[in-house]
Amino acid sequence: MQFTRLVSPIRKRSEKAGAPPGTLAYLGDAPTTQPITVTLFQYDERELSERTLAEPAEAFPLPEEPTVSWLNLDGVHRVELIEQIGRALSLHPLLLEDLVNTQQRPKMEDYGAYLFIVARMLDYDPERRHIHSEQVALVLGREYLVSFEEDPGDVFNPVRARLRSGAPRLRKGGPDYLAYALLDAVVDGYFHILEQVGEVIADLEEELVSHPTQETLQGIYRLKREMIALRRAVWPLRDVINSLLHSESELIQSSTKVYLRDVYDHTIQIVDAVESIRDLLAGMLDIYLSGTSNRLNEIMKVLTIFSTLFIPLTFLAGVYGMNFEYFPELKWWFGYPMFWGISLTIALTMLAFFRRRGWM
């Protein structure tokens with residue numbers, strides 16, 4: 001995640017300080033002018049109705065069983081629409097407050113007549129190498145499911161396609177099975193992100209071995225930060241699925257818990273993969289720092305050898321550079337060649353010594 005995305009919700013929450021519990025105030029990053037799309041699926045084993053609504057109020061009153069109603073909102077920044085749904089379904093004010101506060105941690109709350117589930121839906125931008133996190137909330141009732149998303153676009157298109165194609169298991173299942181299908185689509189999206197991150201890591205490993213640069217280091221740090229975002233989404237979601245598995249609510253049928261167990265296994269696999277990637281990135285960071293240190297050591301070794309070679313030569317030049325009138329060798333006709341002969345002999349002897357000791 002970008003740093004601004006982590007800080008801005010804290011600033012916005014401080015603006016709401018002192019307000020009574022249940023006060024609805026949108027705390028999110030979506031533009032308040034962004035249009036909200038409301039879609040309604042109503043289906044049973046034989047029939048399916050799909051509509052786009054101008055207002056959520058058009059969906060109420062909802063039909064009784066065996067028809068399943070799925071109401072989906074793309075956008076939660078219009079507080080009045082959230083209040084409409086809350087009044088129609090008699091939702092708790094604290095639940096409505098959590099809907100418009102889009103920085104919720106994944107969780108599950110049992111309100112008796114309905115369940116409230118929060119998850120994080122993730123999307124990966126390969127160009128910026130950035131994971132975008134979006135809150136998706138589900139309100140599960142006896143004959144309905146209401147889903148709330150921050151922005152348009154989601155990972156639920158395969159579920160919609162299965163409904164339209166008449167998939168028997170989904171069309172026969174109740175709202176709890178639909179909730180499972182949506183959570184499963186969210187978790188499957190995590191696998192897709194892990195695949196894309198794996199490709200980026202492979203590219204970084206090639207750069208790390210061949211020609212590591214400062215951009216390589218920035219790429220490693222960026223991925224480490226994105227793995228934190230992914231870990232924050234997966235770890236609590238694992239607890240949410242586990243709570244649904246062991247829930248005593250009548251809204252979750254025993255036949256659906258079998259499928260929820262499969263989603264739970266997937267979250268365990270993702271958690272293991274995230275931890276492995278974090279360890280791999282930590283190792284890559286160590287390799288980069290070790291390589292940089294080794295290259296610096298090689299440079300320092302070369303400079304040290306040249307400095308050592310010139311120490312005795314500098315001494316000789318200093319001696320014969322003194323301004324004294326009487327030097328024994330000053331009047332010798334071979335004094336100058338002898339000076340260079342001694343200097344070269346010292347330098348070559350030291351080079352041979354360094355090479356024999358393996359220092360160069």
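Since every read-out is calculated from the coordinates, none of them should be taken as a lab result. Only a predicted model underlies this, so the values are computations on that prediction, with no experimental measurement involved. Every residue, glycine as well, gets a Cβ built from its backbone with ideal geometry; the counts of neighbours run over all protein chains shown.
A few comments on the model shown:
- Computed magnitude of the charge dipole of the chain (debye, nearest 20; Cβ of K, R +1, Cβ of D, E -1): 1560
- Cut-off 12 Å (backbone N to label point 7 Å along Cα→Cβ of ARG232), residues of the range 92-117: 103-106
- Considering only GLY153, SER210, TYR221, the residue lying farthest towards the positive end of the dipole of the range 125-221 is GLY153, judged by Cα position with unit charges set on Cβ.
- Evaluated with a Cβ-only charge set (Lys, Arg +1; Asp, Glu -1), the range 69-124 carries a dipole of roughly 60 debye about its Cα centre, given to the nearest 20.
- Cα gyration tensor shape of the range 22-169, rounded if a/c is under 1.5, else prolate or oblate by comparing a/b with b/c: oblate
- Using a simple spin-label model with pseudo-atoms 7 Å out from Cα toward Cβ, GLU58 and ALA88 lie 1.1 nm apart.
- Farthest positive-ward along the range 3-291 dipole, Cα basis, beta-carbon charges - from GLN269, PRO21, VAL79: PRO21
- The eigenvalues of the Cα gyration tensor, multiplied by 5 and square-rooted, give the range 3-291 an equivalent ellipsoid with semi-axes of 36, 23, 17 Å from largest to smallest.
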